[in-house]
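The structure appears right after this line, and notes come after that.
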């Protein structure tokens with residue numbers, strides 16, 4: 001119905017947003033009749049949501065007109081931000097930010113670069129930025145999970161680790177099994193995503209491609225390609241971050257410095 | 001049961017000089033200077049929080065001193081690699097922290113770090129020494145507290161340490177197991193002239209087992225000498 005009334009994408013979009021908001025507000029009013037007062041929170045969230053997303057859309061519109069080489073700077077900025085966010089999962093481990101940034105840069109950067117070189121990812125900003133950001137975001141999550149798990153394992157097994165050190169073991173040997181379990185645990189979401197692809201969920205990228213009129217079979221295959229790239233970059237990131245962070249859990253004199261009291 | 005209590009006559013094998021460690025603004029060990037003689041059992045006693053275990057952890061460099069140093073075998077212990085130092089200055093903790101698997105695997109652990117494989121006969125001899133003959137293939141999860149602590153002792157001894165640090169080795173055991181482990185440690189010291197530094201909060205145990213004791217309070221060395229002089233009869 002709206003399509004017959006609004007003929008430009010912008011006006012149609014605003015009308016669709018208005019309709020969706022009215023529906024959401026109707027539910028809020030329904031809740032009010034049951035003495036559940038969400039009016040203020042819901043109204044602010046709706047207003048904030050539309051402003052934020054329109055702002056992001058405007059920036060994207062600007063970026064899409066930029067030359068292709070600007071993608072490198074955008075993706076680098078994303079990697080730096082991802083490293084900083086992810087490092088917060090490794091509280092008390094010195095050097096966590098550097099380790100996270102290097103690992104994400106190597107894991108996500110290498111996979112993005114190789115796949116772009118191979119022609120799997122198009123060099124157009126409209127393709128490279130969304131796919132690259134998906135790879136970086138997933139590498140960030142995996143890195144955060146790996147560091148968080150490693151930290152928890154080391155804190156929980158400080159006694160065993162120091163016992164092994166006291167028997168003359170090398171620091172990296174004392175935490176090897178905890179590093180392995182951290183890598184394994186951090187990759188569970190990426191592996192489960194691949195396992196459940198198409199059965200439990202149809203990811204956003206494929207949905208977007210279908211909505212924009214792509215061939216459904218190609219959209220499905222390309223979605224698999226993206227999820228497989230995410231697994232590759234996440235795996236590499238997790239492997240590198242746990243390899244690097246285990247050295248940061250010890251001092252130069254091979255003392256465990258990552259402790260609950262520290 | 002007790003080790004002969006005598007004035008030390010052997011060579012000094014471990015010496016702390018103005019040893020201290022601070023964590024943030026808190027000084028946990030302050031200006032401790034003492035000598036440990038070859039073949040003696042030195043007890044470190046004091047109330048909870050007096051810095052006994054903190055001092056012990058400085059002796060094998062599990063923690064880093066923030067002042068002073070330790071001389072081992074006549075040299076500043078920072079001249080040794082941490083692994084070599086810890087091989088030569090062994091440690092047994094309050095909880096044994098045995099590694100998953102069987103008893104033999106635990107005993108092999110230390111030497112394996114240097115690429116040495118302990119022969120089955122040597123494992124059998126060590127287990128006999130700690131009163132666990134025939135336990136080599138037993139899973140550590142199925143051992144009692146006293147048996148676990150004996151395995152922990154055998155595991156430390158497999159490294160052929162020159163000094164053994166004991167951090168409250170019997171405090172987590174019941175009375176019967178405690179007596180057995182005490183007797184075992186005393187006989188080890190007596191038979192092999194092994195030098196031991198043992199932390200204990202139990203003054204009676206210190207009187208029973210130690211040649212000399214160092215009394216700590218608030219991280220400082222208060223008194224140092226024969227048990228009867230420091231702790232009373």
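Coordinate-derived values only; no laboratory data. Keep in mind that what you see is a predicted model, and the values were worked out from it rather than measured. Cβ: placed from backbone, ideal geometry, glycine included. Neighbour counts: every protein chain shown.
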Worksheet item: Taking N as the number of residues in the stretch A:64-214, what is its Cα Rg relative to 2.2 N^0.38 Å?
Response: 1.27
Worksheet item: When a footprinting reagent is the concern and you count Cβ atoms within 10 Å, what order do B:166, A:12 take, fewest first?
Response: A:12, B:166
Response to the item:
Taking Cα atoms, the helix B:120-129 axis meets the longest principal axis of chain B at an angle in degrees (rounded to 10) of 50
Worksheet item: What is the pair-distance distribution P(r) of the stretch A:49-102, computed from all Cα-Cα distances in 10 Å bins starting at 0, with each bin given as a whole percent?
Response: 22, 31, 29, 17, 1
Worksheet item: In peptide B:156-165, how many Cβ atoms from other protein chains are near each Cβ within 10 Å, on average?
Response: 1
Worksheet item: What angle do you read, to the nearest 10 degrees and between 0 and 90, between the alpha-carbon axis of helix A:70-87 and the longest principal axis of chain A?
Response: 50
Discussion item. What does DSSP give for the stretch B:123-233 in terms of the percent of beta bridges that are antiparallel, rounded to the nearest 5?
Written reply: 50
Worksheet item: Name the residues of the stretch A:42-68 whose amide N is less than 12 Å from a point 7 angstrom out from the Cα of residue A:133 along the C-beta direction?
Response: A:53-64
Worksheet entry | Label zone at residue A:32 (point 7 Å along Cα-to-Cβ), backbone N below 14 Å, the stretch A:38-53 | A:38-44
Worksheet item: To one decimal place, what orientation-averaged projected area in nm² is obtained for the convex hull of the Cα set of chain A?
Response: 19.5
Worksheet item: Between residue A:156 and residue A:110, what is the spin-label point distance in nm, taking each point 7 Å from the Cα along the Cα→C-beta axis?
Response: 2.9
Discussion item. Using a 10 Å cut-off around each Cβ, can you sort A:129, B:163, A:230, A:50 from fewest to most neighbouring Cβ atoms?
Written reply: A:50, A:129, B:163, A:230
Worksheet, complete the sentence: Burial-style ranking of B:188-201, A:163-176, A:18-31, average other-beta-carbon count within 10 Å with highest first, yields A:163-176, B:188-201, A:18-31
Worksheet item: What is the fewest-to-most order of B:155, B:87 by other Cβ atoms lying within 10 Å of their Cβ?
Response: B:87, B:155
Worksheet item: To the nearest Å, what is the center-to-center distance of the stretch A:4-48 and the stretch A:210-252, using C-alpha atoms only?
Response: 36
Worksheet item: Over the stretch B:72-208, what is the relative contact order in whole percent, taking alpha-carbon pairs under 8 Å and six or more residues apart?
Response: 30
Worksheet entry | P(r), alpha carbons of the protein assembly as shown - 10 Å bins starting at zero, rounded % | 4, 15, 20, 18, 12, 10, 10, 7, 3, 1, 0
Worksheet entry | Rounded tilt (10° steps) of A:176-186 against the dominant C-alpha axis of chain A | 10
Discussion item. Within 10 Å of each Cβ in B:102-112, how many Cβ atoms from other chains are there, averaged over the peptide?
Written reply: 2
Practice prompt. Express the relative contact order of the stretch A:60-216 as a whole percentage, based on alpha carbon pairs under 8 Å and six or more residues apart in sequence.
Written response: 22
Worksheet item: Cα extents of the stretch A:163-220 along the three principal axes, largest first, in whole Å?
Response: 65, 17, 14
Item to complete: Over all alpha-carbon pairs in the stretch B:99-155, figure out the percentage whose distance exceeds 12 Å.
Response: 60
Fill in: Dimensions (Å) - the stretch B:12-226, Cα atoms, principal axes, largest first
47, 38, 33
Fill in: Highest average packing first - A:64-71, B:74-81, A:239-246, Cβ atoms within 10 Å
A:239-246, B:74-81, A:64-71
Worksheet, complete the sentence: The convex hull of the Cα atoms of the stretch A:1-134, divided by residue count, gives a volume in Å³ per residue of 170
Item to complete: Extending each Cα 7 Å along its Cβ direction at residue B:25 and residue A:200, get the distance between those two points in nm, one decimal.
Response: 5.0
Worksheet item: Bin by bin, in steps of 10 Å, what percent of the Cα pairs in the stretch B:122-233 do you find, going until the bin that has the longest distance?
Response: 13, 43, 31, 11, 2
Worksheet, complete the sentence: Rounded to whole Å, √(5λ) for the Cα gyration tensor eigenvalues of the stretch B:53-114, largest first, gives 26, 15, 8
Item to complete: For peptide A:157-166, compute the average count of partner chain beta-carbon atoms within 10 Å of each residue's beta-carbon.
Response: 6
Fill in: Computed over chain B: relative contact order in percent, which uses C-alpha pairs under 8 Å that are six or more apart
32
Worksheet item: Calculated from DSSP H runs of 4 or more alone, at -39500 (n - 2.57) each and per residue, what is the 222 nm mean residue ellipticity of chain B, nearest 500?
Response: -9500 deg cm²/dmol
Worksheet item: Once both labels are modelled 7 Å past Cα along the beta-carbon direction, what's the residue A:192-residue B:187 spacing in nm?
Response: 5.5
Practice prompt. For the stretch B:79-143 and the stretch A:81-108, compute the distance between their C-alpha centroids and round to whole Å.
Written response: 38
Worksheet item: Based on the alpha carbon coordinates of the stretch A:1-63, what radius of gyration and maximum Cα-Cα distance (Dmax) apply, in Å?
Response: 14.6, 46
